[in-house]
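Okay, so here's the structure we're looking at.
Just so it is clear, none of the values below were taken in a lab; they were calculated from the coordinates. These numbers were taken from a predicted model, which means no experiment stands behind them. Reconstructed Cβ throughout: ideal geometry from the backbone, glycine too, with neighbour counts over all protein chains shown.
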Amino acid sequence: MTGIELSLAAGGAGAIKRWLLTALMLFATGLPPGVSAQLPESVARALVQAGIPEASAALYVHEIGAERPLLTAGAERPLNPASTIKLLTTYAGLDLLGPAYSWATEAYAAGTLKDGVLAGDLVIRGRGDPKLTIENFWLLLRALRGRGLREIRGDLVLDRSYFTTEEYDPSRFDDQPTRPYNTGPDALLVNFKAVRLQFIPDADTRTVAIVAEPVLPQVQIVNNLTFDANGPCGDWVTRLKLDAQGNAATARLVFSGSFAASCGERERNYSVLGHAHYVLALFRELWRELGGTLTGGVRDGAAGADARLLATVQSPTLSEVVRDINKYSNNVMARQLFLTLGAVGAGAPASADKSGRVIRQWLTGKGLSFPELTLENGSGLSRVERISARSLGQLLLAAFKSPLMPELMASLPVTAVDGTMKKRLSGADVAGQAHIKTGSLSGVRAIAGYVLDAQGRRVVLVLFINHANAGNAQPVQDALLKWVYNR
């Protein structure tokens, strides 16, 4: 569907008068040829300037409580929503699992434990924790030491059976295998399988130091960077010129190019090693620091019936996890939650198909029918996921009536305040007045969320753009947000 839907019945003659005045104003402005005057003038002009045809955009604007949407254009077309699909995953998670839901990671002794020595294996069972950071993993190991365990005379056994284990190619999506957003899901995902590198320029020595955290012997950093004393910082990441080498067991990151002093200290995360080898490498380092020893290697397996539970670490609650997912558009955490829905709702091991079925059943129970919906991983890091602007708008309307609305809305970036909207619309009237989830892929830009307009009315807004020039679409998004606020 294209064009505009105005709720005239509710406003009577006054609404009709306002519509006529708007139409006259649009006619007087003389929009460029081929641009529909049914769009707000500022939005239509921004589309033209961005080189994006109206047919490549879909929008849906609906005031909370109104019978009909205020504005629609192409709202029925199934389009790639990029990361705005996280709204579906996180709302489903909050509703099906509850905001207080948390993930447990457990450690078992598979063997005899006496005088601090385990004559057998240590089994770590993962349940899909999306935020098992290095700090929380350290707490689990510290709890083991607190129970007296000192020496493990066996293997580190990883129970990853809560999720289906499949071959995953981190370079498949965009040929960027070291980018953390390309890390595959795993029932025992530790520290996002990442190494954080700090780049520290020193003007006195005219060098750039690279400091890694954690320090893993299996990850070699080769620093061939040159110090740039006078150049602008600009796109400092591209100038690093990374050559990533290695396999599941070892990695070699070679940095060349230049780093400008004007950048100051910067940091960047890199995903390295396979899941099992990363866990082993991190375990060895933390365990050694805690005074423990491990004799064996790593393998997948499960705790037998005779295994003894030694320690458990809990994740943050789902309401906290959802904030990380939506505020910072964390793809890996979204995929972990998506699979958890399948494991809890349809039984382990989780799979994407199970999760998709669980979400569709949940939508049906809510009285929501999205026949065009296509789900792959629930994060938006996908070329095949599809939903219409109307369907996502209807989801947001339903969520607003839910008792979970505060948790969902609080998880969204606030314009000009935080998350992925922190640097957007500063100084504009709509700054601080909208909770907006963003989405970005090559050829895709999207926003969706809630706007509190100048009259104190809450409005649902969805805008999808699927076009080769989508990278130019930020002014279009900003124009729509401003129009909704000031209308």
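Values computed for the structure shown
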| read-out | value |
| --- | --- |
| Amide H partners (placed H, <5 Å) of A249, local residues excluded | G274 |
| Expected-Rg normalisation [2.2 N^0.38 Å, Cα atoms] applied to segment 311-443 | 1.13 |
| Phi-based couplings in Hz for segment 191-203 (Karplus 6.51, -1.76, 1.60; Gly and Pro marked x) | 6, 6, 6, 10, 10, 8, 10, 9, 10, 10, x, 10, 5 |
| Segment 440-487 versus segment 266-285: alpha-carbon centroid distance in Å | 37 |
| Debye intensity ratio in log₁₀ form over the Cα atoms of segment 65-123, taken at each q of 0.28 Å⁻¹ | -1.11 |
| HN-Hα J in Hz across segment 437-442 - Karplus 6.51, -1.76, 1.60, θ = phi - 60°, x for Gly and Pro | 8, 9, x, 8, 9, 4 |
| For segment 170-275, the fraction of alpha-carbon pairs in successive 10 Å shells from zero, as % | 14, 45, 30, 10, 1 |
| Reduced Cα scattering model of the chain, Debye log10 I(q)/I(0), q = 0.09 Å⁻¹ | -0.71 |
| When the convex hull of its Cα atoms is projected in every direction, mean area for segment 116-194 (nm²) | 6.0 |
| Neighbour-count order for S42, S411, S315, S262, fewest beta carbons within 10 angstrom listed first | S262, S42, S315, S411 |
| Segment 103-315, relative contact order in percent, only Cα pairs under 8 angstrom and at least six apart counted | 30 |
| Acute angle (nearest 10 degrees) that the helix 8-29 long axis makes with the longest principal axis of the chain, alpha-carbon atoms | 90 |
| Charge dipole magnitude, Cβ of K and R +1, D and E -1 - segment 103-315, Cα centre, debye nearest 20 | 420 |
| Whole-number D in µm²/s for segment 77-225 (Stokes-Einstein; Kirkwood sum over Cα pairs; 25 °C, 0.890 mPa s) | 129 |
| Relative intensity, log₁₀ I(q)/I(0), of segment 313-383 from a Debye sum that treats every alpha carbon as a point, q = 0.20 Å⁻¹ | -0.93 |
| Alpha-carbon Rg with Dmax, taken over segment 103-315, Å | 19.4, 65 |
| In Hz, Karplus ³J(HN,Hα) per residue of segment 450-463 (6.51, -1.76, 1.60; θ = phi - 60°; x = Gly, Pro) | 10, 10, 9, 7, 5, 9, x, 9, 8, 10, 7, 9, 9, 9 |
| Crossing angle, helix 134-146 versus the chain [Cα axis fit, 0-90 degrees, rounded to tens] | 30 |
| Highest average packing first - 326-333, 168-175, Cβ atoms within 10 Å | 326-333, 168-175 |
| Most to least packed among 297-307, 71-81 [average Cβ atoms within 10 Å] | 71-81, 297-307 |
| Highest average packing first - 399-410, 93-104, Cβ atoms within 10 Å | 93-104, 399-410 |
| Equivalent-ellipsoid semi-axes of segment 372-481, from the Cα gyration tensor, Å, largest first | 22, 19, 12 |
| The chain, helix-only ellipticity at 222 nm - DSSP H runs n ≥ 4, -39,500 (n - 2.57), divided by all residues, nearest 500 | -9500 deg cm²/dmol |
